[in-house]
Amino acid sequence: QVRLVESGGGLVQAGGSLRLSCAASGLTFGSYAMGWFRQAPGKERDFVAAITRSGDETYYKDSVKGRFTISRDNAKNTVYLQMNSLKPEDTAVYYCAATKSATMTVVPAFRSWGQGTQVTVSS
């Protein structure tokens, strides 16, 4: 059974930083591309960032480029999202997800999801 567990969320002031982690189990981690998505209250779940199986390619939502960095450690079965220069509009529940699809920027491509971690950015 695939299990993804996010951690690292919290409350931070605008301009601050957080590092999210997602620990994976029950899957061959290096065989999956990984993604981070977020969902704000009353809004749809939205793509944030993704990384290929080997980590050689990354993809980002335009509004987080230059501020967020996705990375992975296949030896630790963990994917990370370093978030810098946070803005109030980054406030959401952040989810990690796993996919074997070549498409990794849309929700339907991901079959396995974590439970989410809350990120709140105060102004």
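What follows draws every value from the coordinates through simple rules; no lab data is involved. From a predicted model like this one, the values you see are computed outputs, not experimental measurements. When we count neighbours, we look across all protein chains shown, and the Cβ atoms used for this are built from the backbone with ideal geometry, even at glycine.
Set the Förster distance to 30 Å, then compute FRET efficiency between ALA75 and GLN39 from the Cβ-Cβ distance, nearest 0.05. Could the numbers behind the result be given before it?
Details: r = 30 Å, r/R0 = 1.00.
That pair, ALA75 with GLN39, gives E of 0.50.
Please report the relative contact order for the chain, taking Cα pairs under 8 Å with a sequence separation of at least 6, and give it as a percent rounded to a whole number. If you can, show how the numbers build up before the last one.
Details: 311 pairs, mean separation 43.4, N = 123.
Once divided by the residue count of the chain, the mean separation gives 35 percent.
State to the nearest 20 debye the size of the charge dipole of the chain about its Cα centre, where the only charges are +1 on K and R beta carbons and -1 on D and E beta carbons.
Details: 14 positive and 9 negative charges, 34 e Å.
The dipole magnitude comes to about 160 debye.
Under a crude label model (7 Å from the Cα following the beta-carbon direction), how far is LYS61 from ASP46 in nanometres?
If labels sit at LYS61 and ASP46, their model points lie 0.4 nm apart.
Which translational diffusion coefficient, to the nearest whole µm²/s, is obtained for the stretch 30-123 from the Stokes-Einstein equation, given a Kirkwood hydrodynamic radius over C-alpha pairs, 20 °C and 1.002 mPa s? Walk me through the numbers on the way to the answer.
Numbers: Rh = 13.4 Å.
Approximately 160 µm²/s, per Stokes-Einstein.
Please report, for the Cα atoms of the stretch 13-59, the Rg to one decimal and the Dmax as a whole number; what are they, in angstrom?
13.4, 37
Given charges of +1 on the Cβ of Lys and Arg and -1 on the Cβ of Asp and Glu, with all other atoms neutral, how large is the dipole of the stretch 42-81 about its Cα centre, in debye to the nearest 20? Write down the numbers at each step before the final one.
Numbers: 8 positive and 6 negative charges, 25 e Å.
Dipole magnitude for the stretch 42-81 comes out near 120 debye.
Which residue, TRP113, GLY16, LEU27, has the largest displacement toward the positive end of the dipole of the chain when charges sit on each Cβ (Lys, Arg +1; Asp, Glu -1)?
About the Cα centre, the residue reaching furthest to the positive side is LEU27.
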